[in-house]
1. For a 32 Å ceiling on Cα separation, which of these pairs sit above it: 58/385; 28/395; 58/286; 58/313?
2. I need to check one value: relative contact order of the chain, counting alpha carbon pairs closer than 8 Å and at least 6 residues apart, in percent.
3. With θ set to phi - 60°, apply the Karplus curve 6.51 cos²θ - 1.76 cosθ + 1.60 along segment 104-111 and write out the HN-Hα couplings as whole Hz, x wherever there is a Gly or Pro.
4. Taking 7 Å along the Cα-to-C-beta vector as the label spot, tell me the residue 238-residue 58 distance in nanometres, rounded to one decimal.
5. What GluC sites (Glu not before Pro) does segment 67-104 have in DSSP loop regions with at most 14 other beta carbons within 10 Å?
6. At 0.36 nm per residue, and after removing the present C-alpha to C-alpha distance, how many nm does the segment from residue 275 to residue 140 gain when stretched out fully?
7. Please report, in cubic angstrom per residue, the volume enclosed by the convex hull of the alpha-carbon atoms of segment 255-320.
8. Could you tally the net charge around residue 69, taking each other residue with its Cβ under 15 Å from the Cβ of residue 69, Lys/Arg +1 and Asp/Glu -1?
Amino acid sequence: MSSKPIEVDAAIVGSGQAAPALAVALAKRGERVALIEGDQLGGCCVNVGCTPTKTLRKSARVAHLARRAAEFGVLVGKVEVDFAAAMNRMQERVDAARGGLESWLAGERNVTVLRAWASFAGRSADGFDLMAGAQSVHARRVYLNTGTRAAIPPIPGLEGVPYLDNVSLLALRSRPAHLIVIGGSYIGLEMGQIFRRLGSEVTVVEPGPRVASREDPEVSASIASFLGEEGVTVLTGEPVARVERSTQGVVVQLASRRVEGSHLLMATGRLPNTERLNLAAVGVEKDARGFVPTNGRLETNVPGIWALGDINKRGAFTHTSYHDHEIVLANHDGGTRSADDRVMAYAMFTDPPLGRVGLSETEARASGRRILMAQFKMKDVSRAKEESETHGLVKLLVDADTERFVGASILGINGDEIIQVISNFMAAGASWHAMKEALPIHPTVAEFLPTILGKLKPLA
């Protein structure tokens, strides 16, 4: 154990999306900051999340478009995917992103990066004691940004099968012959489509009644439809009875059928990385699953300790984590920002992508408000037809009394970008009439938003 503790104003545990920007901002205010990371700098997003998966998604999309080239009058011959090359391109992008982050932090005079797992050791009148490996750290304030990992359910036989999670999947350099994905939510659907486009046979097993079950039924149906057209087998409505090894790799036994593949990906939710922190030593409360509740200012029940990012259950996204750090900084500077005030927006990066903000139709119906809704199919959007990208739909929801948007779903070409038109209107509290009367640009997908708004009708 180090005999002399490092004295800092702020200790940041974990280096997810909130942490580096927060560390540098505090350092530029003249504070001494310790950023403590037991694994790789950048957390999930940079290393095993957004950066690698969206890079790999592009390779998969290029392969998909190349196979469709004849539709556009382009002859390319047989399309083959060099799987290892695609994976190496992905890794190069990850290494570059992490390297840039490391260089940025190393150049900040008041930031000390400690490469070790951190835990609380206790508290004193003027702050908190932590251990970063063998190094003791004393901090006046502590910010937790430790993220999540794959949650693995207790399926019979799973302990005897070399299954993959979202991390080990990206370490593959040989293409799976048949990837079985248990879990039909965002990670499972995105990676299932990517690996299908890269040349693997893919089966997605969702024990519930439909994939993307958080979304409205017609959104789920459209996603299942375009995945099926690409050759992804989607099985829903049957629980997994057990899994076991086979000569081909792995067998997943459902209630009424048996699925055999070469690889198994578990995409069944996330758990918070809080078990190493020894939160009990300082009295920080957590829920039964290990998440750390906060108020709108992202303060835990212990004054002087904040929880940012996935572990506070206020959004398991890179953008919510980054937004958390902005809220904390604004309030340190005398502001009154609250995470309770933000409208949740997110995307699922299937191709086409799903952009979502605010309430779904299901949630709107349960809200008790007078809601107006309009829908439009992508197959009727000129730009989508011109680009032969006609899967999906647009659904807009507004409050009949306030005239404000309360939610939207945009599944289709550029849906992940277009949804931010709606989220910005919601953030501004603007009337839908302002969008209805605005001048759009032709030919775009977003130009149809005023047209769609003209079809608003009360929810039946």
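1. Violating the 32 Å Cα-Cα cut-off are 28/395; 58/286.
2. Once divided by the residue count of the chain, the mean separation gives 13 percent.
3. Ordered by residue, 3J(HN,Hα) equals 4, 5, 5, x, 9, 4, 9, 10 Hz.
4. With each label point 7 Å from Cα toward Cβ, the separation is 3.9 nm.
5. 80
6. Result: 46.4 nm gained on full extension.
7. Taking only Cα atoms, segment 255-320 has a hull volume of 150 Å³ per residue.
8. So the environment of residue 69 carries a net charge of +1.
Just so you know, all these numbers are worked out from the coordinates, no wet-lab data involved. All figures in this text were calculated on a predicted structure; none of them were measured in a lab. When we count neighbours, we look across all protein chains shown, and the Cβ atoms used for this are built from the backbone with ideal geometry, even at glycine.
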